[in-house]
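Input: a single structure, listed below in structure tokens.
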Amino acid sequence: MSDKVTLEFKGNKYDFPIVEGTEKEQAIDIKTLRSATGLTTIDPGYKNTGSCESAITFLDGEKGILRYRGYSIEELAEKADFLEVAYLLIFGELPNKDQLAKFHSDIKKESHVDEEMKKILDGFPKSAHPMGVLSSLTSALIAFNPSSVNVTSENDMYHAIVRILAKFPVLVAWTLRKKKGLPLDYGDDSLGYVENIHKMMFKRPSEDYKSNKIVIDALDKLLILHADHEQNCSTSTVRIVGSSHAGLFASLSAGISALWGPLHGGANQAVLEMLEAIEADGGDTKKYMAKAKDKNDPFRLMGFGHRVYKNFDPRAKIIKVAADEVLNDLGIDDPILDIAKGLEKEALEDPYFVDRKLYPNVDFYSGIIYRALGIPTEMFTVMFALGRLPGWIAQWREMRLNNEPIGRPRQVYVGENHRSFVDVNKR
Ligand code: SDX
């Protein structure tokens with residue numbers, strides 16, 4: 001007999017089963033709550049509410065554990081490459097050589113983006129934030145790829161998936177190049193997936209592209225570290241938009257908008273802006289720590305805290321080490337890294353942060369590496385989206401293959417009770 005909980009309400013008792021996951025997480029299955037009791041639940045921010053059963057990513061916030069399809073983030077960041085991890089997240093297993101080669105070949109076949117899309121990009125001012133441009137272009141792709149909209153078969157889903165994995169990096173590169181006033185061109189199918197992304201982003205018109213292994217490896221690792229994170233804000237957005245059968249590209253466009261927020265993926269840009277402000281302020285970290293603790297000050301220590309991790313974000317640990325390595329390998333001495341380390345040390349010793357279990361998250365150090373790789377600050381969250389793409393795709397595919405119902409939360413109404421209309425002359 002599986003475990004259950006009993007709810008007592010108005011003299012009646014109601015049993016609800018306990019669901020237990022493969023990592024022994026337990027949840028109350030309340031699918032019959034309203035029909036049995038007339039009650040619903042309320043949980044702003046869904047801090048205590050699970051939206052689905054998922055087999056993609058497991059994280060333990062108390063222990064600082066993160067695994068993609070059972071593989072630890074530490075092993076994947078060290079031993080895998082981003083395309084392998086994308087395949088793993090989407091299809092559930094690490095690909096063998098032939099599967100990986102076919103996956104990459106199928107992606108390359110789809111790397112053309114309709115030239116008409118450039119007219120849409122032209123409509124944006126150079127000052128447009130790249131996340132708004134990217135979300136718009138991703139949605140615009142639907143018009144040029146109508147067969148990727150109403151996909152129901154696994155085969156149709158596969159084609160939509162390789163199409164977006166091919167075209168999204170082109171849109172990312174074009175978004176950056178538009179900002180820099182550089183020609184919008186394509187990559188080189190002879191290159192690796194991440195190397196090709198780097199070429200598309202950074203090749204200068206008058207020079208041959210020169211690959212740099214340190215840069216490519218660092219970018220590959222960062223993309224792996226951002227690839228999925230179970231039911232975070234933007235992934236939940238992708239799932240709920242996809243649950244109306246709006247299509248993969250439309251769901252991704254919504255996810256990009258959700259990620260943009262400074263409380264979510266936009267934090268990596270906000271961290272760098274915060275560190276630069278501290279540097280401009282003579283490195284006065286204590287002033288910013290005080291602001292972060294002042295309840296009357298809306299300022300938060302960006303890159304710190306997490307809804308789930310109440311221990312170190314394992315990704316932040318890996319990125320912190322990588323930041324040292326990349327800057328050292330590239331011969332860059334960035335005072336911003338020292339400010340970040342000083343701020344981290346202070347926060348980890350400050351009761352306000354310790355009591356609230358606020359640790360550095362994935363966004364705290366990532367911007368320092370992006371900056372060392374020559375990526376403009378405004379593009380940091382776009383890089384987060386590029387990394388998160390396979391995770392969003394995997395979660396959307398799982399939701400569709402599981403035939404999950406359309407997402408439609410309930411509410412508790414706290415507005416006016418019924419009242420009759422009053423003519424305007426009598427108000
Ligand atoms: C990402 O969900 C994911 O998995 C997201 C992500 C992913 O991979 O998809 O991991 C990526 O979004 C990482 C988070 C990036 N955001 C930031 O770095 C922004 C700064 N952090 C916070 O705004 C905050 O920590 C959140 C949004 C990340 C989490 O907020 P919660 O879980 O809603 O926690 P909360 O706001 O209720 O905070 C609890 C307490 C509050 O103080 P009290 O009311 O108890 O006195 O901690 C305080 C907060 O004021 N607090 C902070 C703080 N974060 C929380 N105080 C100062 N600085 C901070 N950064």
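Listed here are the residues, each with its yes/no results for (1) touching a Leu at 6+ places or on another chain (Cβ under 8 Å); (2) of a type in the set (Val, Ile, Thr); (3) over 25 Å from Glu84 (Cβ atoms).
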| residue | (1), (2), (3) |
| --- | --- |
| Glu115 | no, no, yes |
| Lys119 | no, no, yes |
| Ser135 | no, no, yes |
| Thr152 | no, yes, yes |
| Asn155 | no, no, no |
| Leu184 | yes, no, yes |
| Arg204 | yes, no, yes |
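Of everything in the stretch 207-251, what is open to solvent by less than 20 Å² (accessible area, probe 1.4 Å) and within 13 Å of Gly387 (Cβ to Cβ)? Give them in sequence order.
Answer for the stretch 207-251, where residues must be open to solvent by less than 20 Å² (accessible area, probe 1.4 Å) and within 13 Å of Gly387 (Cβ to Cβ): Ala218, Leu219, Leu222, Leu223, Ile224, Leu225, His226, Ala227, Asp228, His229, Ser234, Thr235.
Which condition number does Ala347 fail, the rest of (1) out of contact with any strand residue (DSSP E or B) (no Cβ under 9 Å at 6 or more places or on another chain); (2) assigned to a helix (DSSP H, G or I); (3) more than 8 Å from the ligand (Cβ to nearest atom) being met?
All conditions pass for Ala347, except number (1).
Where residues in the stretch 290-326 are of a type in the set (A, V, I, L, M) and near the ligand (Cβ under 9 Å from one of its atoms), which of them is most open to solvent (accessible area, probe 1.4 Å)?
Kept after step one, since they are of a type in the set (A, V, I, L, M), are these residues of the stretch 290-326: 290, 292, 301-302, 308, 316, 318-319, 321-323, 326.
Adding the requirement that they be near the ligand (Cβ under 9 Å from one of its atoms) leaves 292, 301-302, 308.
Working: Ala292: 12, Leu301: 9, Met302: 33, Val308: 51 Å².
Result: Val308.
Given the conditions (1) more than 16 Å from the ligand (Cβ to nearest atom); (2) within 21 Å of His264 (Cα to Cα); (3) open to solvent by 40 Å² or more (accessible area, probe 1.4 Å), and given that Met379 satisfies all but one, which numbered condition is not satisfied?
For Met379, the failing item is (3).
So which of Phe144, Phe168 ends up being surrounded by fewer than 20 Cβ atoms within 10 Å (Cβ to Cβ) and of a type in the set (Phe, Trp, Tyr)? Working first, answer last.
Working: Phe168 fails: surrounded by fewer than 20 Cβ atoms within 10 Å (Cβ to Cβ).
That would be Phe144, the only listed residue that is surrounded by fewer than 20 Cβ atoms within 10 Å (Cβ to Cβ) and of a type in the set (Phe, Trp, Tyr).
Assess whether Ala323 counts as being touching a helix residue (DSSP H, G or I) at 6+ places or on another chain (Cβ under 6 Å) and either closer than 19 Å to Arg388 by Cβ or at pLDDT 95 or above (or both). Walk me through it before giving the result.
Details: touching a helix residue (DSSP H, G or I) at 6+ places or on another chain (Cβ under 6 Å): yes; either closer than 19 Å to Arg388 by Cβ or at pLDDT 95 or above (or both): no.
So Ala323 does not fit the description; no.
Can you tell me which residues in the stretch 327-344 are within 16 Å of the ligand (Cβ to nearest atom) and under 24 Å from the mean Cα position of the chain (by Cα)?
Ala340, Glu344
Among the residues of the stretch 275-289 satisfying the criterion of being in contact (Cβ under 8 Å) with a residue 40 or more places away in the chain and not in a loop (DSSP other than H, G, I, E, B), which is surrounded by the most Cβ atoms within 10 Å (Cβ to Cβ)?
Result: Leu275.
Table: residues versus (1) in contact (Cβ under 8 Å) with a residue 40 or more places away in the chain; (2) outside any loop (DSSP other than H, G, I, E, B); (3) of a type in the set (D, E, K, R); (4) under 19 Å from Gln231 (Cβ atoms).
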| residue | (1), (2), (3), (4) |
| --- | --- |
| Asp15 | no, yes, yes, no |
| Val19 | no, yes, no, yes |
| Ala27 | no, yes, no, yes |
| Ile42 | yes, no, no, yes |
| Leu76 | yes, yes, no, no |
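For the stretch 350-363: of the residues being part of a helix (DSSP H, G or I) and near the ligand (Cβ under 7 Å from one of its atoms), which is farthest from Thr285 (Cα to Cα)?
Let us first name the residues in the stretch 350-363 that are part of a helix (DSSP H, G or I), namely 351-355, 362-363.
So of that shortlist, the ones also near the ligand (Cβ under 7 Å from one of its atoms) come out as 362-363.
Working: Val362: 20, Asp363: 18 Å.
Among residues in the stretch 350-363 that are part of a helix (DSSP H, G or I) and near the ligand (Cβ under 7 Å from one of its atoms), the one farthest from Thr285 (Cα to Cα) is Val362.
Which one of Ser234, Ser244 is in contact (Cβ under 8 Å) with a residue 60 or more places away in the chain and in contact with a His (Cβ under 7 Å, 6 or more places away or on another chain)? Write out each step before concluding.
Numbers: Ser244 fails: in contact with a His (Cβ under 7 Å, 6 or more places away or on another chain).
Every option except Ser234 fails the conditions.
Identify all residues within the stretch 392-427 that are without any contact (Cβ under 8 Å) to a residue 24 or more places away in the chain, open to solvent by less than 70 Å² (accessible area, probe 1.4 Å) and of a type in the set (A, V, I, L, M, F, W, C); write none if there are none.
Val422 - this is the single residue of the stretch 392-427 that is without any contact (Cβ under 8 Å) to a residue 24 or more places away in the chain, open to solvent by less than 70 Å² (accessible area, probe 1.4 Å) and of a type in the set (A, V, I, L, M, F, W, C).
Out of all the residues in the stretch 254-274, which are within 8 Å of the ligand (Cβ to nearest atom), part of a helix (DSSP H, G or I) and touching a Lys or Arg at 6+ places or on another chain (Cβ under 8 Å)?
Matches in the stretch 254-274: Leu259 only.
The values are calculated or read from the model by the stated rules, or taken from the named source; none is laboratory data. Source: prediction; values computed, not measured. As a convention, Cβ positions derive from the backbone with ideal geometry for all residues, glycine included, and neighbour counts pool all protein chains shown. Quick note on the areas: whole protein, heavy atoms, side chains included, nothing else; ligands and nucleic acids left out. Shrake-Rupley method; radii C 1.70, N 1.55, O 1.52, S 1.80 Å.
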